[in-house]
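Written out below as structure tokens is the structure these notes cover.
The values are calculated or read from the model by the stated rules, or taken from the named source; none is laboratory data. From a predicted model like this one, the values you see are computed outputs, not experimental measurements. Reconstructed Cβ throughout: ideal geometry from the backbone, glycine too, with neighbour counts over all protein chains shown.
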Amino acid sequence: MKTIFNRTFVYITIFISACIVLACSNDRQQSSQRYKARIVVTTNIMADVVRNIVKDSMEVTSIMGPGVDPHLYKATQKDFTLFKEADIIFYNGLHLEGKLSEALNKLSQQKPCYALGDALPKEQLIQVGSSTYDPHIWFDPLLMKIIVAEVASKLSVHYPTMAAYFKQNAASYKEAIDSVHAMIKEKFKEVPTERKILVTAHDAFEYYGRRYEIQVKGLQGISTISEAGLYDVAALVSFIIGNDVKAIFAETTVSPKALQSVVESCQNKGHKVKLVPGLYSDSLGDASSPASTYLKMLVFNTTLIVDNIK
């Protein structure tokens, strides 16, 4: 009887131990499936770049949604909660995020928080002040290849076991960027040199202009915080008429009212110019738009520009 009891006790003990091991294994599996590193990015343009490197291995959240102007953006309490819960933060830098830059600088003392623009050599940036630079770096695809490498490098420091994965994805994405860059160069061959003039609401396209040899004019400065005055409007009207510009472009993140006044002023002086809406500058479009990703935005913008100025 004692032997039977001992055997039964042994079987029960083995059964319970097996259940505990299985339960722990399931818990670990569910926990690994449930938890992904949280990456928070300020702009949706840079968020798209990060997603192309981490794919679905990590959770990427953009603070600024489609159509949001980063120059004017004011952070909410929800944003600061996201920053607090983030494992890593990436932002454009070069003062693109305006007042939010101060908070991001403080966050960098508490957790990994990287200004991607800082990865670019100063000599490749467009200087706009004694110590300030144009932050619209994404309009030069070749500069963005440096940003891609920087994101992969920073992620590899914090997640070394995934370094090869990040490197592979970054390499593939840089190849895609090269393809779009080649397409843009080819597309602008359709435009006579004298017509390679891009007039927009604010001066966001200088990197684009430098890379593809286009003269760029913005009614406002590099930030939409500054409003255009009467002198700015008059100067732009004079430029448009003097260079026989046939089309100017309204941006999706900037009110077109100021440019409408430019069109009217040109018409009053006998020069007809078309105001073309829908140019993407500081933000991607939503998922249903033709500019839902960084590369799609470049392709869409280029097609829109060339088709209206050639």
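Residue count for region 125-149 satisfying the condition of being within 14 Å of the chain's Cα centre (by Cα) and not aliphatic (A, V, I, L, M): 7. Is there a residue being under 20 Å from Asp48 (Cβ atoms) and either aromatic (Phe, Trp, Tyr) or part of a loop (DSSP other than H, G, I, E, B) (or both) anywhere in region 208-223? Yes, there is a match, as at least one residue in region 208-223 is under 20 Å from Asp48 (Cβ atoms) and either aromatic (Phe, Trp, Tyr) or part of a loop (DSSP other than H, G, I, E, B) (or both). For Ser238, indicate whether it is surrounded by fewer than 16 Cβ atoms within 10 Å (Cβ to Cβ), under 21 Å from the mean Cα position of the chain (by Cα) and among the small types (Gly, Ala, Ser). No: the conditions fail for Ser238.
Restricting the first member to region 46-58 and to residues that are more than 13 Å from Ser153 (Cα to Cα), and the second to residues that are at pLDDT below 95, the beta-carbon pairs closer than 8 Å and six or more apart or on different chains are Ser57/Lys36; Met58/Lys36. Quick check, is Leu142 in a helix (DSSP H, G or I) and farther than 20 Å from Ser57 by Cα? Answer is yes for this residue.
Does region 84-97 contain any residue that is farther than 19 Å from Ala152 by Cα, in the same structural domain as Lys154 (by TED's automatic domain parsing), touching a Leu at 6+ places or on another chain (Cβ under 8 Å) and surrounded by fewer than 21 Cβ atoms within 10 Å (Cβ to Cβ)? No: zero hits.
Here is a yes/no grid of residues against (1) at pLDDT 95 or above; (2) over 22 Å from Tyr280 (Cα atoms):
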site	(1), (2)
Ile177	yes, no
Ala201	no, no
Ile222	no, no
Gly229	no, yes
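Please indicate, with yes or no, whether at least one residue in region 70-81 is among the polar types (S, T, N, Q) and outside any loop (DSSP other than H, G, I, E, B). Yes; the residues of region 70-81 include at least one that is among the polar types (S, T, N, Q) and outside any loop (DSSP other than H, G, I, E, B). Considering Lys111, Lys106, Lys185, which residue is among the charged types (D, E, K, R) and within 26 Å of Ile248 (Cβ to Cβ)? Testing whether each residue is among the charged types (D, E, K, R) and within 26 Å of Ile248 (Cβ to Cβ) leaves just Lys185. Restricting attention to region 122-137, the residues that are closer than 24 Å to Ala149 by Cβ and touching a residue at least 12 places away in the same chain (Cβ under 8 Å) total 8.
Kindly evaluate Gly278 against the criterion of being over 15 Å from the mean Cα position of the chain (by Cα), among the small types (Gly, Ala, Ser) and either modelled with pLDDT of 95 or more or crowded, with 17+ Cβ neighbours inside 10 Å (or both). For Gly278, the condition - over 15 Å from the mean Cα position of the chain (by Cα), among the small types (Gly, Ala, Ser) and either modelled with pLDDT of 95 or more or crowded, with 17+ Cβ neighbours inside 10 Å (or both) - is met. Take Ala152 and decide whether it is surrounded by fewer than 18 Cβ atoms within 10 Å (Cβ to Cβ) and either within 24 Å of Asn44 (Cβ to Cβ) or of a type in the set (A, V, I, L, M, F, W, C) (or both). For Ala152, the condition - surrounded by fewer than 18 Cβ atoms within 10 Å (Cβ to Cβ) and either within 24 Å of Asn44 (Cβ to Cβ) or of a type in the set (A, V, I, L, M, F, W, C) (or both) - is not met. Total residues in region 270-292 satisfying the condition of being within 18 Å of Ile197 (Cβ to Cβ) and either assigned to a loop (DSSP other than H, G, I, E, B) or β-branched (Val, Ile, Thr) (or both): the figure is 5. Scanning region 169-191 for any residue that is among the basic types (Lys, Arg), within 15 Å of the chain's Cα centre (by Cα), surrounded by fewer than 18 Cβ atoms within 10 Å (Cβ to Cβ) and in a helix (DSSP H, G or I) turns up nothing. Consider region 245-260 and keep the residues that are assigned to a helix (DSSP H, G or I) and at pLDDT below 95. The one that is surrounded by the fewest Cβ atoms within 10 Å (Cβ to Cβ) is Lys257.
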